[in-house]
1. Residues of region A:5-61: accessible area per residue at 1.4 Å, in Å²?
2. Taking only Cα atoms, what is the 0 to 90° angle, nearest 10, from helix A:178-192's long axis to the longest principal axis of chain A?
3. Which distances, shortest first and in nm, link A:ASP67 to the matching position in the other copies, using label points set 7 Å out along Cα to C-beta?
4. At a 1.4 Å probe, which residues in region A:138-180 are at least 50 Å² less accessible with all protein chains present than in their chain isolated?
5. Could you report the buried accessible area between B and A, both sides summed, computed with a 1.4 Å probe and given in Å² to the nearest 100?
6. Separation between the A:ALA132 and A:SER44 pseudo-spin-labels, each 7 Å from Cα along Cα→Cβ, expressed in nm?
7. Each residue of region B:63-77 in turn: what ³J(HN,Hα) in whole Hz from Karplus with 6.51, -1.76, 1.60 and θ = phi - 60°, glycine and Pro shown as x?
8. Determine the gain in length on full extension of the stretch A:THR4-A:ARG96; use 0.36 nm per residue of separation and subtract their C-alpha separation, reporting nm with one decimal.
Number of protein chains: 2
Amino acid sequence: MALTTKGRATRQRIIEGAAAYLRGDEPAGVTLDDIRAITGTSKSQIFHYFPDGKEELFLAVARHEADRVLDDQQPHLGALTSWAAWERWRDSVVARYRAQGRHCPLGTLMGQVGSTPGAHEVVSTLLGQWQAHVRKGIGDMQAAGLVRESVDADRVAAAFIAGIQGGVQVLMSTGHVGHLEAVLDTLIDYLRG
Amino acid sequence: MALTTKGRATRQRIIEGAAAYLRGDEPAGVTLDDIRAITGTSKSQIFHYFPDGKEELFLAVARHEADRVLDDQQPHLGALTSWAAWERWRDSVVARYRAQGRHCPLGTLMGQVGSTPGAHEVVSTLLGQWQAHVRKGIGDMQAAGLVRESVDADRVAAAFIAGIQGGVQVLMSTGHVGHLEAVLDTLIDYLRG
């Protein structure tokens, strides 16, 4: 659907309003009427921008939240070129998820949109971009002679992604950030050699 | 509740029947009547053994599934005393979760029983026991002079648990086992030094 500048702005306003609302609540019981009321839009506007209704809107919100996950780690994630940068990135990840605590807006949304191809694509895209940043950081450290050449950058970047996901999952079920810290610190130690 | 030997056997039969049934299906729509039909028990029997009803039964099933998670990794997990043992354990974890694929019986059950204290206790107990086994393995390797003393066994054991949880989570959303393999291999490499 080709949108005018004004149309794009309205669509974005709906997404951001819905995201803010869903972040503060359990989205299971949230209806399109709630979203209409919060964002001050009409039913026909909602269906103009999201013809497939609630699932399409929730998916757009999930994509918006996924972008925030990476934004929250910048500028560190995009410039992992020194050990100090790795430590700052590590701290920003821990701080972000400690603040988030047991409530994961993206995870809850994914639970709502379920196992649709669109939902899988949001997760794959996020994890792929995240991993590419870490992969590039390891490559940059190798180019600078700070990480040994024998380190398999692809494999270790995948290990970071798995570790962060699992650390956050443990945090969400136990309330403790220790596992997230442990896996980040161990993998950075591995890079230091 | 003190049960006779026969009572314990009946209770266990209900749990195992329910577990097998829930493993093959999405439990969201499963009712106590379904469980009664499958296990050939009466309503009064179900409520005798599980006075709080469905949630209590599902929690007992979750506990049963959590025990299976560790059993499936034995005898390797309990005797991580050589590099060959670590590799066999690594392979058994990957094989277990590859076979399970996108469907995680314990995860789905936990989604059903939600964030009750009982549900958190099942997860904490499982992760704690799992981590204690890995912790003991690292300690045994250090005692045998196979892992350097400077390795923080508690921290690395926590990193393994986070990494496995995250690797399985990525497997469930992408269908690929690569992240699980990457984090296990990287952490074992870290232990090898």
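The values are calculated or read from the model by the stated rules, or taken from the named source; none is laboratory data. Since the structure is predicted, the reported quantities are computational estimates derived from the model, not experimental observations. Virtual Cβ from ideal backbone geometry, glycine too; neighbours counted across all protein chains shown. SASA here: full protein model, heavy atoms, side chains in, ligands and nucleic acids out. Shrake-Rupley method; radii C 1.70, N 1.55, O 1.52, S 1.80 Å.
1. Values: 2970 Å² over 57 residues.
Ligands and nucleic acids excluded, the figure is 52 Å² per residue.
2. Roughly 50 degrees between the two axes.
3. 5.0
4. The answer is A:ARG155, A:ALA162, A:GLN169, A:SER173, A:HIS179.
5. Values: alone 9670 and 9680 Å², together 17110 Å².
Counting both chains, the buried surface is close to 2200 Å².
6. Label at A:ALA132, label at A:SER44, 4.1 nm between them.
7. These are the phi-based 3J(HN,Hα) values: 4, 4, 5, 5, 4, 4, 4, 6, 4, 5, 9, 8, x, 4, 4 Hz.
8. Values: separation 92, 0.36 × 92 = 33.12 nm, distance 3.50 nm.
Between A:THR4 and A:ARG96, full extension yields an extra 29.6 nm.
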